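The values are calculated or read from the model by the stated rules, or taken from the named source; none is laboratory data. This is a predicted model, so every value here is computed, not measured. Methodologically, a virtual Cβ is constructed for each residue, glycine included, from the backbone with ideal geometry; neighbour enumeration extends over all protein chains shown. Accessible surface is based on the protein model in full, side chains and every heavy atom, while ligands, DNA and RNA are left aside. Shrake-Rupley method; radii C 1.70, N 1.55, O 1.52, S 1.80 Å.
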Amino acid sequence: MKKFAIAIALILLPVHFYPTDSDAKIDEKISEIIDSINEETLLFYENILASFGPHPTGSETCDMVADFIFNEFEKEGLKVEYQYWEKNGISGKNVIATLQGKTDFILIISAHYDTVEVSPGADDDSSGVAVVLTSAKILSKYSFLHTIKFVAFSGEEQGLYGSEYFARNSYKRGEKIIGDIQLDGVGYAVKEDRKVRISSNSASKWIVDMAEQIALDYKSKIDLEISRHDYMGSDHKSFYNYGYEGVFFLEYEFNPNYHTSEDTIEHININYLTKICKLASATLAKIADESIDIMTRIVEPEIGGIYFSGRKIIELDGHLTILIGKIKVRAEIISSKEVQRVDFYFDNRFYGTVYEKPYEFTYKIFAFLNHKLRAVGYIEGKSDDNEISIICFI
Ligand SMILES: [Zn+2]
């Protein structure tokens, strides 16, 4: 009887759990990755990239930087390729390194290696490239569930040309991109070295949530607080244009040297850059091992075309999708589980549900100019949405 009473008393005793870095949720692999990222590696890359001086797209120096990035990726045993693009009379190439996963879902970490004419671009965006290279160096020693692509774009300063080509090409090939983590200007911090800005659209907020969880779980190792934004001005925008998801890491403070000859390595805070690299790489590693139970993709209308009454009549070069006379949508659900339903929205307003394949829906509305189409697929306990921008004349 007494024993029983003691047992009851023990059960009733208040027990408090304080989440700390030493809790069970700490993943050894992620911990090790964070610990392997050091200032020496980032400084090494920043130094070399800065030594090239200004390297705008199309310049000989820009090609030399591309070669340097290519070789560094190759040294880590990654499969590396150049992806050539041309737009408005300007041509350039992206450098892509692939770490093959067990699935064909793809996760991307990216930055742009071109600069403006006058600037050596130590922060804009050698800082981002240094993070991508460091991340490739460390993560290539591990294997992940999903495929990771480490990408350096050019043509960013002209108008996201390299990334637009990349996203379009991936889209046309039907690649299943989970998301892109873009870093552009992540090495400047004079006062605010414990904060970082992460921008997303609504469909990509889950990536910021993931980064926030990493920042919390590994607080003592990373020491960064996330400030949420919705800035569009970098290569992640190209992914949004093709209905993909992504986020954009940016230093918290405004960099007064932005696009000037003063954007040099002397103004880079290597300790801050290292913390950003830890956060971005750990977030990437975490997502790369999470199973994807459902992915919704709007496959019709296809992005980059003019549709008349539900049929594609003209293929367009860019990402504009123009619908005349009718709005007909078809969604595809990638899942090994049973699909329960697909909901269809127009500018965040619910219009209808389809329960059986094909998941096609025709909107009975009149609409003009810019709007958004969204499809949300459901399996038991989970959902995924996909949103695309359209221009209508209905
Ligand atoms: Zn930039």
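Can you tell me which of (1) open to solvent by less than 10 Å² (accessible area, probe 1.4 Å); (2) within 14 Å of the ligand (Cβ to nearest atom) is the one residue 148 doesn't meet? It is condition (2) that residue 148 fails.
If you filter the stretch 108-124 down to residues that are more than 10 Å from the ligand (Cβ to nearest atom) and among the hydrophobic types (A, V, I, L, M, F, W, C), you find that the one that is surrounded by the fewest Cβ atoms within 10 Å (Cβ to Cβ) is 118.
Inspection of the stretch 177-193 finds no residue satisfying the criterion of being open to solvent by 40 Å² or more (accessible area, probe 1.4 Å) and either under 14 Å from the mean Cα position of the chain (by Cα) or closer than 18 Å to residue 94 by Cα (or both). Kindly check whether there is at least one residue in the stretch 331-341 that is among the polar types (S, T, N, Q) and closer than 15 Å to residue 386 by Cα. Checked the stretch 331-341: at least one residue is among the polar types (S, T, N, Q) and closer than 15 Å to residue 386 by Cα.
A quick yes/no check of all residues on (1) more than 16 Å from the ligand (Cβ to nearest atom); (2) surrounded by 23 or more Cβ atoms within 10 Å (Cβ to Cβ):
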residue: 229; (1), (2): no, no
residue: 270; (1), (2): yes, no
residue: 279; (1), (2): yes, yes
residue: 285; (1), (2): yes, yes
residue: 302; (1), (2): yes, no
residue: 305; (1), (2): yes, no
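Only residues that are within 17 Å of the chain's Cα centre (by Cα) and either within 13 Å of the ligand (Cβ to nearest atom) or under 12 Å from residue 38 (Cα atoms) (or both) were counted in the stretch 133-142, giving 2. Look at residue 128 and say whether it is open to solvent by 30 Å² or more (accessible area, probe 1.4 Å) and either within 16 Å of the ligand (Cβ to nearest atom) or on the phi > 0 side of the Ramachandran plot (or both). So residue 128 does not fit the description; no. If you filter the stretch 161-176 down to residues that are within 16 Å of the ligand (Cβ to nearest atom) and within 21 Å of residue 386 (Cβ to Cβ), you find that the one that is surrounded by the most Cβ atoms within 10 Å (Cβ to Cβ) is 163. Only one entry of 339, 329 meets the criterion of being aliphatic (A, V, I, L, M) and not in a strand (DSSP E or B), and that entry is 339.
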